[in-house]
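Visitor: Got a structure for you, written out below as structure tokens; questions coming shortly.
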Amino acid sequence: MAAPVRSLFCRTVCGFSRHINSSVSSCRAVRSSCPPSISGGRSFSDGAANKTTHFGFETVSEGEKTERVYKVFESVAQKYDLMNDAMSFGVHRLWKDSLLHAMNPQPGMRLLDVAGGTGDISFRFLEYVRSQEERVARRVARANQTPSWQDISTGFEARGQEAVEPRQSRAVVCDINKEMLKVGKQKADSMALDRGLSWVVGNAEELPFEDDQFDVYTIAFGIRNVTHIDMALTEAFRVLKPGGRFMCLEFSKVANPLLSQLYNAYSFQVIPVLGEVIAGDWKSYQYLVESIRKFPDQETFKGMIEGAGFFSVRYSNLTGGVVAIHSGFKL
């Protein structure tokens, strides 16, 4: 027992000395590229294999990043939600709630939750919409208890006409990693959340949907893992209906110098240790931390969203810029 503890302590101390001056943030990432041997999606050419990109702080070929990102999430899938709670002290739940409140979905909307993995955003979407429906139903019930003469007259006029069923809200969880989707389905079953929910294996860079299909597109803690972010944004624009909304929840850049130093030290020195202790996977969580450092800052990413064709692009910082919500519309 003493030997493994000493080994883990040494790794922590060595990691601290290597990265004490680094600037990065914390936890979550989600899949958006999958190796050709695992997915039936995009076929990677020799050209893609020769082009280079980053995998955390490493420079690798695009094809290698695709495969390694897939393996990261395949490895951490079973402990993913537990690690999110541990790394963020549960604050990730508040960030996701903030995304839903900013979205303010209405009954009948169709959501595409890309890199949705274990389903957190989609579950919140369906619960939010159903609470809206229940609120409307209560309001109607109260109004019917004391109907006005106008209401009675309208009721007689409508009698005999065929009632039109309101369109059901739907959420589609799309993720390239089958292990993450498997965990999400298990959660949905345990929560008895099945109505209006579906699960699709798909690549964010080449979505398996027709044009103009969804009212809202979300990607939470996933877009920084995409090999070609510009292609993922173009696909988001394509599948949204005119008037549809793009929303991204992602780790970003902290402006306050003191908070930034504390956050960087915590990210590099604590999160990989938690990954080792809880999930038995130091390297995957070291990558997740490094991937945050490589992601564009708020203004740069805003420009990329505008470059994909979205209008009225805005962002709001949460927790001092640890996380940002970016939003834009397809007009």
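Visitor: Can you give me the number of residues within segment 103-123 that are touching a Lys or Arg at 6+ places or on another chain (Cβ under 6 Å) and open to solvent by 10 Å² or more (accessible area, probe 1.4 Å)?
Guide: 2
Visitor: While we're on this one: Looking only at residues that are hydroxyl-bearing (S, T, Y) and in a helix (DSSP H, G or I) in segment 55-70, which one is nearest to the chain's Cα centre (by Cα)?
Guide: Taking the candidates together, the pick is Y70.
Visitor: Something else: Taking segment 265-290 as the region of interest, how many residues are of a type in the set (V, I, T) and closer than 19 Å to V69 by Cα?
Guide: Qualifying residue count for the region: 2.
Visitor: Next up: Could you tell me which of the residues F246, F237, F209 is open to solvent by 20 Å² or more (accessible area, probe 1.4 Å) and not in a loop (DSSP other than H, G, I, E, B)? Walk me through how you get there before you give the answer.
Guide: Values: F246 fails: open to solvent by 20 Å² or more (accessible area, probe 1.4 Å); F209 fails: not in a loop (DSSP other than H, G, I, E, B).
One residue alone meets the criteria, F237.
Visitor: Scan segment 298-326 for residues that are under 21 Å from D215 (Cα atoms), assigned to a helix (DSSP H, G or I) and open to solvent by less than 20 Å² (accessible area, probe 1.4 Å) and report the count.
Guide: So the answer is 1.
Visitor: Kindly indicate the residue of segment 47-102 that is of a type in the set (V, I, T) and without any contact (Cβ under 8 Å) to a residue 24 or more places away in the chain and also most open to solvent (accessible area, probe 1.4 Å) among those meeting that condition.
Guide: T59
Visitor: Also: Taking the condition of being touching a helix residue (DSSP H, G or I) at 6+ places or on another chain (Cβ under 6 Å) and among the polar types (S, T, N, Q), how many residues in segment 251-288 meet it?
Guide: Qualifying residue count, segment 251-288: 6.
The values are calculated or read from the model by the stated rules, or taken from the named source; none is laboratory data. Small disclaimer: the values here were computed from a predicted structure and weren't measured. All Cβ positions, glycine included, derive from the backbone under ideal geometry; neighbour counts span all protein chains shown. Just so you know, the surface numbers come from the protein's heavy atoms only, side chains and all, with ligands and any DNA or RNA stripped out. Shrake-Rupley method; radii C 1.70, N 1.55, O 1.52, S 1.80 Å.
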